[in-house]
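Here is the structure we will look at, set down as C-alpha cells.
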Amino acid sequence: MIETAVPSQTIDILAQQLKALANPKRLQILHLLMQGVHCNCELGETLAMPPNLISHHMGILRDLGLVDVARDAVDARWVYFSINEAALTELNQNFDTFFDAESIQPRRPSCGPQGSVVPIRDVAVG
C-alpha cells in the first residue's frame, strides 16, 4: 500500500489552483496584473476579449483569491483589478512544497514483476 503524506485538503486546494490556472487567458490576465493595476477595459483591449469574458475569468481568479478588486471612489462603475500578494505567495509556497524535486524518493513497487525482482548475483561466465 502506498502511503501519502499530503492531506486531502491540500490536494483539493492545489487541484482548484491548477484548474483555475490551466486556462491560457487567465494566465495572461495574471501576467498583466503582475505589471500593475488594470481595469476591465484595459485587460479586454490588451487581450482582445469582450468585457463579459474578462469578467468571467476575473470571477474565477477572485474566487481563488489571487485577484483583488477595488471600485473607483468617484465613479463606482469603474472596477480595478490587482494581484493579491498574500494569495500569490501562498500559491507559490503550495507549488514549491508539492512539486519539490528534493522530495523525490527512490522506491521499488511492492507488487508486479518489479516487486519480486531478485538482485542479480555475479555469475562467472565460462
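Coordinate-derived values only; no laboratory data. Just so you know, these numbers come straight off a predicted model, no measurement behind them. Neighbour counts are summed over all protein chains in view; Cβ atoms, including those assigned to glycine, are modelled from backbone coordinates with ideal geometry.
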**Q.** Segment Ala87-Gln105, length gained on full extension (0.36 nm per residue, minus Cα span)
**A.** 3.5 nm
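Explain nothing, just the number: dipole magnitude of the chain about its Cα centre with +1 on each Lys and Arg Cβ and -1 on each Asp and Glu Cβ, in debye rounded to the nearest 20.
On the way: 9 positive and 14 negative charges, 94 e Å.
Taking the Cα centre of the chain as origin, the dipole is about 460 debye.
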Q) What is the log10 of I(q)/I(0) for the chain, computed with the Debye formula using one identical point scatterer on each Cα and no solvent, at q = 0.12, 0.15, 0.17 Å⁻¹? A) -0.61, -0.80, -0.93
Q | For the chain, calculated [θ]222 nm from helices alone, where every DSSP H run of n ≥ 4 adds -39500 (n - 2.57) | A | -15500 deg cm²/dmol
